[in-house]
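Notes follow the structure.
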Amino acid sequence: MRLIAALKSDLKFQFKHGFYTVYTLIAVLYIIILQKIPGGLFKDYTLALIVFSDPAMLGFFFIGGIVMLEKQQGILDYLAVTPLSPQEYITSKVVTLALLSVSASVVIALMTHLSGVNWLLLTISILALSVFFTLYGFMVTLGCRTINQYFFKTVPFLLLTTMPCFAIFIFPHLWIVSLLPNVAGLKLTLGLFLGLPWQESLLYLLILGLWDIVIYKLSLKVHSSS
Amino acid sequence: MLSVKNLEYKYRGAKVNTLKGIDFRIHPGEIFGFLGPSGSGKTTIQRVLIGLLKGYNGSITAFDKERRDFGRDFYEKIGVAFDFPNLYLKLTAKENLQLIAEYYQNPPKDFDALLDQVGLLPDKDKKVEGFSKGMKMRLNFIRSIMHNPALMFFDEPTSGLDPVNAKLIKDMILTMKGEGKTVFLTTHNMTIAEQLCDRVAFLVDGQISLCDTPYALKLKYGRKTVKVDFLSCGTPDTSEFELDQLSGNQQFLDIISYSEIKSIHSQDASLEDIFIKVTGRELI
């Protein structure tokens, strides 16, 4: 019951602070741009890269804004003296931002890539990616006191996220990098629109799922000790 | 209700303990005040007691159980109001109460009545970001007690309030005491402490230097004299007399018989005077 209350609270907080309005505008912009691109391989690549780098990763950026706003308003301090547990607090953030990620990805894909998409796989993949990036962003926010501090701190973390992804274009057969969550996620997203054997999709999903569990436990540990 | 034995706490990276062997016990239905200047350790002790700071040495027993053995259920039993407002600024006053209330097993049923208690009913649907500090503090206060806790921790509960609203909050605290609730209050405002607390402890440099009822402290540390302001041949004058054998003091009797008395006051020590006398510190 407390988790449902936390979900309600987070949805309301994110709505009132304009997170959904901002993302609706961004999604509309992507849809307009993608609709201008003629169908074909280039469009599929562009769509996959947009879905991977924005809706799937939005949790990384939004969680920073949310946690910083909660810190500034003193809400984090107050929640710590209510029965809401750290697990419920983190899960609620992850679920609400995953909902936004999945909704935005599905809408963008629906409006620009009508055929050949496995919608169930798209939903599960974006969900798994969103969980990872939200928790990754959550770890970055811990210890930050201001929004500026947070943005400054995100730079090395973002580089760490994007650099290995280039490896798959330069060394496509270097399989070991696929064990990294961001690379597995990118390959999975590319496969959603360009095609990928189901066994490979399943493997990347498993890798992401394992990373999600690891980073969730790590987030809880760091959150409890902070 | 709450028993603290040899409590020590050291912040990570600090060389010395912030709390240095603190002992006290709070009985059910008591208002216990922790008084001290800024930096004395008041906020630290409150944060250790409510579980925001972990890793203490010594013992804290609340509701007959060691503090560190409690889970989140501890927060069903206590209410906390910090000395600064921590509210959802983009939400209304009522939404602020409703969202937090859902985390409790015993949520309040009538939010309007709660808001009315602190004079915020007309503002219930206004966003908190437009509230004054006093309004935020009142909302903060009512939120901390809405789940009917047995033990409450208030940090400077009247900070930022005008005299009328400060009295409203003080009266509510006294009403809760009347209902058998226990209150742990931290403040540097000696007047509030004197008006509300059954017992007070003076905290300086992480140690309790004195703990007793305000009445006993005033008796012990006050001057046993009476000061008389009067007009002597039309000129204002003041004299001070020992209380002992006052009825036999001819000078005092002459003044009250033949002069125009402006005021007579016994020279009780205020808690602030006692604090300064005992600790050698000012309350800032």
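The values are calculated or read from the model by the stated rules, or taken from the named source; none is laboratory data. Keep in mind that this is a model prediction, so the values were computed, not measured. Cβ atoms come from the backbone with ideal geometry, glycine included; neighbour counts cover every protein chain shown. When the accessible area is computed, the model is the full protein with side chains, heavy atoms only, and any ligands, DNA or RNA have been set aside. Shrake-Rupley method; radii C 1.70, N 1.55, O 1.52, S 1.80 Å.
Could you check how many residues of region B:1-42 are touching a residue at least 40 places away in the same chain (Cβ under 8 Å), among the β-branched types (Val, Ile, Thr) and assigned to a loop (DSSP other than H, G, I, E, B)?
1
I need a count of the residues in region B:252-267 that are open to solvent by less than 40 Å² (accessible area, probe 1.4 Å) and assigned to a strand (DSSP E or B).
1
Go through region B:70-91 and report how many residues are among the aromatic types (Phe, Trp, Tyr), within 8 Å of chain A (Cβ to nearest Cβ) and assigned to a loop (DSSP other than H, G, I, E, B). Even if it seems obvious, please write down each step before you answer.
Of region B:70-91, the ones among the aromatic types (Phe, Trp, Tyr) are B:70, B:74-75, B:82, B:84, B:88.
Next cut, within 8 Å of chain A (Cβ to nearest Cβ) only: B:75, B:82, B:84, B:88.
Imposing the further condition that a residue be assigned to a loop (DSSP other than H, G, I, E, B) reduces the set to B:82, B:84, B:88.
Of the residues in that region, 3 qualify.
Suppose we filter B:PRO107, B:PRO163 for residues that are open to solvent by 10 Å² or more (accessible area, probe 1.4 Å), at pLDDT below 95 and within 11 Å of chain A (Cβ to nearest Cβ); which single one remains? It would help to see each step written out before you state the result.
Numbers: B:PRO163 fails: within 11 Å of chain A (Cβ to nearest Cβ).
Every option except B:PRO107 fails the conditions.
From the set of residues in region A:83-113 that are more than 27 Å from A:ARG2 (Cβ to Cβ) and hydroxyl-bearing (Ser, Thr, Tyr), which is surrounded by the most Cβ atoms within 10 Å (Cβ to Cβ)? Before the answer, list the steps.
To start, the set of residues in region A:83-113 that are more than 27 Å from A:ARG2 (Cβ to Cβ) comprises A:104-113.
Next, from what is left, pick out any that are hydroxyl-bearing (Ser, Thr, Tyr): A:105, A:112.
On the way: A:SER105: 28, A:THR112: 23.
For region A:83-113, the residue satisfying everything is A:SER105.
Among the residues of region A:84-98, is any part of a helix (DSSP H, G or I) and without any contact (Cβ under 8 Å) to a residue 24 or more places away in the chain?
Here is the first cut: in region A:84-98, the residues part of a helix (DSSP H, G or I) are A:86-98.
Still in the list and also without any contact (Cβ under 8 Å) to a residue 24 or more places away in the chain: none.
Scanning region A:84-98, I find no residue that is part of a helix (DSSP H, G or I) and without any contact (Cβ under 8 Å) to a residue 24 or more places away in the chain, so the answer is no.
Taking region A:84-135 as the region of interest, how many residues are within 17 Å of A:ASN182 (Cα to Cα) and touching a His at 6+ places or on another chain (Cβ under 6 Å)?
0
Looking at region A:114-127, can you tell me whether even one residue there is closer than 30 Å to A:GLN73 by Cα and either aliphatic (A, V, I, L, M) or open to solvent by 80 Å² or more (accessible area, probe 1.4 Å) (or both)?
From region A:114-127, those closer than 30 Å to A:GLN73 by Cα are A:127; that's our starting set.
Retained after the next criterion (residues that are either aliphatic (A, V, I, L, M) or open to solvent by 80 Å² or more (accessible area, probe 1.4 Å) (or both)): A:127.
Checking region A:114-127: at least one residue is closer than 30 Å to A:GLN73 by Cα and either aliphatic (A, V, I, L, M) or open to solvent by 80 Å² or more (accessible area, probe 1.4 Å) (or both).
Of these, A:LEU190, A:LEU159, A:LEU205, which one is under 19 Å from the mean Cα position of the chain (by Cα) and surrounded by fewer than 14 Cβ atoms within 10 Å (Cβ to Cβ)? Write out each step before concluding.
Working: A:LEU190 fails: surrounded by fewer than 14 Cβ atoms within 10 Å (Cβ to Cβ); A:LEU205 fails: surrounded by fewer than 14 Cβ atoms within 10 Å (Cβ to Cβ).
Of the residues listed, the single one that is under 19 Å from the mean Cα position of the chain (by Cα) and surrounded by fewer than 14 Cβ atoms within 10 Å (Cβ to Cβ) is A:LEU159.
Quick one: in region B:175-210, which of the residues that are acidic (Asp, Glu) and over 9 Å from the mean Cα position of the chain (by Cα) is most open to solvent (accessible area, probe 1.4 Å)? Spell out the reasoning first.
From region B:175-210, those acidic (Asp, Glu) are B:179, B:194, B:198, B:205; that's our starting set.
When the remaining residues are screened for being over 9 Å from the mean Cα position of the chain (by Cα), the result is B:179, B:198, B:205.
Details: B:GLU179: 121, B:ASP198: 51, B:ASP205: 69 Å².
Per the stated criteria, the residue is B:GLU179.
Only one of (1) surrounded by 15 or more Cβ atoms within 10 Å (Cβ to Cβ); (2) at pLDDT below 95; (3) out of contact with any strand residue (DSSP E or B) (no Cβ under 8 Å at 6 or more places or on another chain) is not met by B:ALA93, so which one is it?
(2)
Can you tell me which residues in region B:57-80 are surrounded by 14 or more Cβ atoms within 10 Å (Cβ to Cβ) and without any contact (Cβ under 8 Å) to a residue 60 or more places away in the chain?
Across region B:57-80, the qualifying residues are B:GLY58, B:SER59, B:ILE60, B:THR61, B:ARG67, B:PHE70, B:ARG72, B:PHE74, B:TYR75.
Every residue in region B:217-241 that is open to solvent by 30 Å² or more (accessible area, probe 1.4 Å) and within 26 Å of B:CYS197 (Cβ to Cβ), please.
Step one: filter region B:217-241 for residues open to solvent by 30 Å² or more (accessible area, probe 1.4 Å), giving B:218-221, B:223-224, B:227, B:229, B:231-238, B:240.
Residues satisfying the conditions are B:LYS218, B:LEU219, B:LYS220, B:TYR221, B:ARG223, B:LYS224.
Evaluate the following for A:ILE50: is it more than 14 Å from chain B (Cβ to nearest Cβ) and either in a helix (DSSP H, G or I) or exposed (fewer than 15 other Cβ atoms within 10 Å of the Cβ) (or both)?
Working: more than 14 Å from chain B (Cβ to nearest Cβ): yes; either in a helix (DSSP H, G or I) or exposed (fewer than 15 other Cβ atoms within 10 Å of the Cβ) (or both): yes.
Answer is yes for this residue.
Considering each residue of region A:66-82, count those that are open to solvent by 20 Å² or more (accessible area, probe 1.4 Å), outside any loop (DSSP other than H, G, I, E, B) and not basic (Lys, Arg), and give that number.
Total satisfying the criteria: 4.
When region B:38-56 is examined, which residues are found to be more than 14 Å from chain A (Cβ to nearest Cβ), at pLDDT below 90 and either under 27 Å from B:THR175 (Cβ atoms) or open to solvent by 10 Å² or more (accessible area, probe 1.4 Å) (or both)? Working first, answer last.
Of the residues in region B:38-56, the ones more than 14 Å from chain A (Cβ to nearest Cβ) are B:38-42, B:44-45, B:56.
From what is left, the residues that are at pLDDT below 90 are B:38-42.
Of everything in region B:38-56, those that are more than 14 Å from chain A (Cβ to nearest Cβ), at pLDDT below 90 and either under 27 Å from B:THR175 (Cβ atoms) or open to solvent by 10 Å² or more (accessible area, probe 1.4 Å) (or both) turn out to be B:SER38, B:GLY39, B:LYS42.
Which of the following residues is under 14 Å from the mean Cα position of the chain (by Cα) and either modelled with pLDDT under 90 or at positive phi (or both): A:ASP54, A:ASP44? It would help to see each step written out before you state the result.
On the way: A:ASP44 fails: under 14 Å from the mean Cα position of the chain (by Cα).
Only one candidate qualifies: A:ASP54.
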